[in-house]
Amino acid sequence: MVAVRVAQPATAHAGLGGVIRSEFTKIRSVRSTYWTLLVLLAVSVGLGGAISAATASHWNQMSPADQATFDPTQTSLAGMFFLGQLVIVVLGAIVLTSEYSTGMIRTSLSVMPRRPTVFAAKALVLAVVVLVVTVVASFITFFLGQALLASTHHQASLSGPGVMRAVVGSAVYVTLCGLFAFAVGALIRHTAGAITTVIGILFVLPILAHVLPNSWYHGLERWLPSSAGDAISSTVGTVDSHLFSGWGEMVVFAVYVAILLVVGLGLFQTRDA
């Protein structure tokens with residue numbers, strides 16, 4: 001008598017690892033991913049280098065007070081904050097919203113009907129890819145900036161107080177920006193709407209907050225997501241005294257991201273694809 005083995009459905013016990021491999025294949029097979037990450041490297045290194053070179057060329061024209069409070073680490077990393085985070089916001093938004101616009105999300109969920117697993121895999125792959133690239137970009141732009149600032153004799157080294165925190169923390173901050181955009185994309189399910197919303201929160205809201213009376217602004221400033229970037233990249237004590245510490249501001253931003261991810265997951269589970 002021959003025993004017959006009955007095959008189980010492939011999706012019945014599919015784990016997170018398989019979905020992560022699938023999402024990694026998906027994200028690296030899209031040409032826009034490579035272009036976005038290449039632009040991130042270009043603007044972070046290029047803009048940071050340009051700002052550092054301009055500062056070095058005008059160093060003798062700076063006042064003694066400005067020279068005394070000059071932060072070479074933050075200056076070299078400026079490209080990550082001015083444009084780098086904007087690039088990652090775009091990538092974070094399209095990871096999920098692009099599948100809604102093309103209808104690919106229905107295929108993804110038919111292959112893996114466990115929605116929390118799909119959602120977690122997408123977020124995890126995005127975070128890992130972005131973190132790896134931003135760490136590389138952060139170290140490159142730091143070393144380039146310090147080389148360009150050598151003539152000022154005010155360059156920084158990784159062993160300096162708070163420098164390693166600023167370099168690594170900058171990469172973590174930009175990665176959180178990508179996850180922030182991913183979470184907003186899960187809420188809105190529209191690429192342009194998600195990008196516009198995140199840009200408004202990270203870039204426009206801090207500008208509008210300055211219109212408030214100083215007492216109100218100082219109370220609000222520490223709770224703004226964008227304050228995490230300013231605080232984590234500062235190494236000379238010039239950051240606003242009304243802010244939390246660098247990692248304290250990062251925790252505030254991370255909590256916002258976590259809340260939005262939880263809400264986004266809830267909607268991802270309940271809404272039609």
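Mind checking whether some residue in region 93-108 is closer than 25 Å to residue 227 by Cα and not β-branched (Val, Ile, Thr)?
Looking through region 93-108, at least one residue is closer than 25 Å to residue 227 by Cα and not β-branched (Val, Ile, Thr).
Kindly evaluate residue 32 against the criterion of being surrounded by fewer than 15 Cβ atoms within 10 Å (Cβ to Cβ) and modelled with pLDDT under 85.
Details: surrounded by fewer than 15 Cβ atoms within 10 Å (Cβ to Cβ): yes; modelled with pLDDT under 85: yes.
Yes; evaluated as a whole, the condition is true for this residue.
Just wondering, is there one or more residues in region 164-180 that are assigned to a loop (DSSP other than H, G, I, E, B) and surrounded by 14 or more Cβ atoms within 10 Å (Cβ to Cβ)?
no
Residue pairs, Cβ under 7 Å, 6 or more apart or interchain, first in region 87-105 and in contact (Cβ under 8 Å) with a residue 12 or more places away in the chain, second outside any helix (DSSP H, G or I). List them.
97/189; 97/190; 100/189; 105/273
Select from region 238-268 the residues that are in contact (Cβ under 8 Å) with a residue 60 or more places away in the chain and either aromatic (Phe, Trp, Tyr) or not in a helix (DSSP H, G or I) (or both) and list them in ascending order.
Once the filter is applied, which keeps residues that are in contact (Cβ under 8 Å) with a residue 60 or more places away in the chain and either aromatic (Phe, Trp, Tyr) or not in a helix (DSSP H, G or I) (or both), region 238-268 yields 238, 247, 253, 256, 268.
Run down 183, 228 and say which single residue is part of a helix (DSSP H, G or I), at pLDDT 95 or above, under 18 Å from the mean Cα position of the chain (by Cα) and surrounded by 14 or more Cβ atoms within 10 Å (Cβ to Cβ). Don't jump to the end; show me each part of the working.
On the way: 228 fails: at pLDDT 95 or above.
The conditions single out 183.
Consider residue 21 carefully, then state whether it is touching a residue at least 12 places away in the same chain (Cβ under 8 Å), among the charged types (D, E, K, R) and assigned to a helix (DSSP H, G or I).
Values: touching a residue at least 12 places away in the same chain (Cβ under 8 Å): no; among the charged types (D, E, K, R): yes; assigned to a helix (DSSP H, G or I): yes.
No, not satisfied.
Of the residues that make up region 72-86, is at least one closer than 14 Å to residue 153 by Cα and aliphatic (A, V, I, L, M)?
no
Conditions first: (1) surrounded by 23 or more Cβ atoms within 10 Å (Cβ to Cβ); (2) closer than 26 Å to residue 188 by Cβ; (3) not aliphatic (A, V, I, L, M). Residue 79 passes all but one, so which condition is the exception?
(2)
So which residues in region 186-203 are surrounded by fewer than 18 Cβ atoms within 10 Å (Cβ to Cβ) and not in a helix (DSSP H, G or I)?
Once the filter is applied, which keeps residues that are surrounded by fewer than 18 Cβ atoms within 10 Å (Cβ to Cβ) and not in a helix (DSSP H, G or I), region 186-203 yields only 190.
Does region 205-222 hold any residues that are surrounded by 12 or more Cβ atoms within 10 Å (Cβ to Cβ) and either touching a residue at least 60 places away in the same chain (Cβ under 8 Å) or under 25 Å from residue 181 (Cβ atoms) (or both), and which are they?
Passing the criteria: 205, 206, 209, 220, 221, 222.
Where residues in region 72-121 are in contact with a helix residue (DSSP H, G or I) (Cβ under 7 Å, 6 or more places away or on another chain) and either acidic (Asp, Glu) or not in a helix (DSSP H, G or I) (or both), which of them is modelled with the lowest pLDDT?
The extreme case among them is 112.
Return the only residue of 223, 216 being modelled with pLDDT under 95 and either in a loop (DSSP other than H, G, I, E, B) or closer than 23 Å to residue 89 by Cα (or both).
Numbers: 216 fails: either in a loop (DSSP other than H, G, I, E, B) or closer than 23 Å to residue 89 by Cα (or both).
Only one candidate passes the filter, namely 223.
Looking at 61, 67, which one is more than 23 Å from the chain's Cα centre (by Cα), touching a residue at least 60 places away in the same chain (Cβ under 8 Å) and exposed (fewer than 15 other Cβ atoms within 10 Å of the Cβ)?
One residue alone meets the criteria, 67.
The values are calculated or read from the model by the stated rules, or taken from the named source; none is laboratory data. Keep in mind that what you see is a predicted model, and the values were worked out from it rather than measured. Cβ coordinates were reconstructed from backbone atoms using ideal geometry, including for glycine residues, and neighbour counts include every protein chain displayed.
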